[in-house]
Amino acid sequence: MTSLSLIVALILLLTIALGLIRVLRGPTPTDRMLAAQLFGTTAVAILLLLGFATHSPVMTDVALVFALLTAVAAVTFVRRAEVDPMAPEQDVDDVPD
Amino acid sequence: MMSLIDLFSGALILASLPFFVAGTLGLLRFPDLYCRLHALTKADNLGLGLVVLALMLQAQSWLQVLRLLLIWLLVLIAGATVAHLIARKALAAGHRPWRRP
Amino acid sequence: MQRGDMWRRTAQLLAAYLLLWWLLTGGDRHSWLVGGVTVGLALAVALSLPAPAAALRISPVGLLLFIPYFLWQSLRGGIDVARRAYTPRLPLDPALIHYPLRLPPGSARIFLLNTVSLLPGTLSADVSADTLCVHLLDKQRDPELTQLEQRVAGLFAISLQERP
């Protein structure tokens with residue numbers, strides 16, 4: 001059970017890394033925010049699995065705070081995005097497709 | 001030796017993997033923002049639900065069970081609310097959903 | 001809001017916050033020194049916000065029926081979207097539909113908005129007056145919105161309005 005939890009936590013970390021491709025590509029700021037949401041859910045799962053594998057119940061608290069913060073961050077983003085959230089960014093250092 | 005409960009928890013944890021992978025895959029493959037939102041709100045929340053269920057079976061106390069449930073519910077509510085807010089914002093900005101050509 | 005409803009709402013919020021604090025701190029007795037103040041502040045903030053039109057009433061039978069329905073639909077929703085993500089030719093046929101709501105405005109409607117996004121193939125995109133704008137992953141598939149609306153009405157022990 002312990003090693004299984006650790007392995008699954010590692011694979012989940014890998015899916016987060018893959019999700020970073022969407023953050024890099026965008027094309028819109030909202031697409032980037034979506035990836036952050038994905039991390040929110042996946043990171044909570046990783047924290048819970050790590051907490052179980054290492055017998056540290058305090059990880060549950062970390063996961064709880066993470067779940068709350070993700071929600072606050074995402075709502076703040078939507079409320080604050082007064083500029084057209086669908087327009088592709090004009091960053092000079094934008095990653096070309 | 002593994003008990004029956006451990007076996008069950010292990011199976012649930014393994015079962016959550018394809019859903020997390022599907023969430024990332026949907027995020028990368030789906031054609032527009034709206035479809036990607038579907039992948040996020042459904043696949044990932046189900047994956048987390050399975051992990052939470054697996055850990056509930058291993059919990060030492062009822063308090064721990066309830067806290068795990070609370071975490072899942074929080075993520076569910078946050079995910080659904082944020083998905084709605086993002087979709088509404090995108091619609092208001094005039095972003096037309098992708099249609100099969 | 002009626003006076004009785006006001007008391008009812010205060011009592012509900014107080015109970016919810018006390019339970020939350022207990023869950024977060026693991027019932028540590030010393031934590032109630034901070035907890036009492038925190039719960040009081042949270043209650044004051046919640047009551048200073050505009051109150052909903054009516055106090056929340058949840059039917060216990062409705063809740064018992066809703067939980068298994070919700071879990072089953074979440075499972076179906078996750079499997080459905082995962083299957084589409086894995087299929088190489090990407091079987092998506094999205095559409096926006098407008099669904100005339102029969103739930104009255106208020107908590108029940110907000111609850112519906114959130115659950116729609118967790119069920120198979122549907123995403124609540126916008127709500128205006130009495131219409132819910134829903135994004136469908138596949139327009140060939142029945143979104144089952146009427147059924148969901150009926151379940152939510154059962155949960156909140158309210159009856160659906162007649163369609164105009």
Subset of segment B:14-27 [under 9 Å from the mean Cα position of the chain (by Cα) and within 9 Å of chain C (Cβ to nearest Cβ)]:
B:PHE19, B:GLY23
Give segment C:84-122 a look and list any residue that's at the interface with chain B (Cβ under 8 Å from one of its Cβ atoms) and open to solvent by 20 Å² or more (accessible area, probe 1.4 Å), or say none.
C:TYR86, C:LEU90, C:ASP93, C:LEU96, C:LEU113, C:ASN114
Does B:ASP6 count as assigned to a helix (DSSP H, G or I), among the charged types (D, E, K, R) and crowded, with 24+ Cβ neighbours inside 10 Å?
no
Tally up the residues in segment A:48-74 that are assigned to a helix (DSSP H, G or I) and not aliphatic (A, V, I, L, M), please.
6
Within segment B:28-45, track down each residue that is in contact with a Leu (Cβ under 6 Å, 6 or more places away or on another chain), more than 17 Å from C:ILE79 (Cβ to Cβ) and more than 7 Å from chain C (Cβ to nearest Cβ).
B:ARG36
Filter segment A:54-81 for residues that are of a type in the set (A, V, I, L, M, F, W, C) and within 22 Å of C:LEU23 (Cβ to Cβ) and give the result.
A:VAL58, A:MET59, A:VAL62, A:ALA63, A:LEU64, A:VAL65, A:PHE66, A:ALA67, A:LEU68, A:LEU69, A:ALA71, A:VAL72
Going through segment A:16-47 one residue at a time, which ones are assigned to a helix (DSSP H, G or I) and open to solvent by less than 10 Å² (accessible area, probe 1.4 Å)?
A:GLY19, A:THR30, A:ASP31, A:LEU34, A:ALA35, A:LEU38, A:GLY40, A:THR42, A:VAL44, A:ALA45
Note: among B:LEU91, B:LEU14, B:LEU40, B:LEU63, just one is at pLDDT 90 or above and open to solvent by 10 Å² or more (accessible area, probe 1.4 Å), namely B:LEU14
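The values are calculated or read from the model by the stated rules, or taken from the named source; none is laboratory data. Every value quoted in this text rests on a predicted model; they were computed, and no experiment measured them. Cβ atoms come from the backbone with ideal geometry, glycine included; neighbour counts cover every protein chain shown. All accessible areas refer to the heavy atoms of the entire protein, side chains included, with ligands and DNA or RNA removed. Shrake-Rupley method; radii C 1.70, N 1.55, O 1.52, S 1.80 Å.
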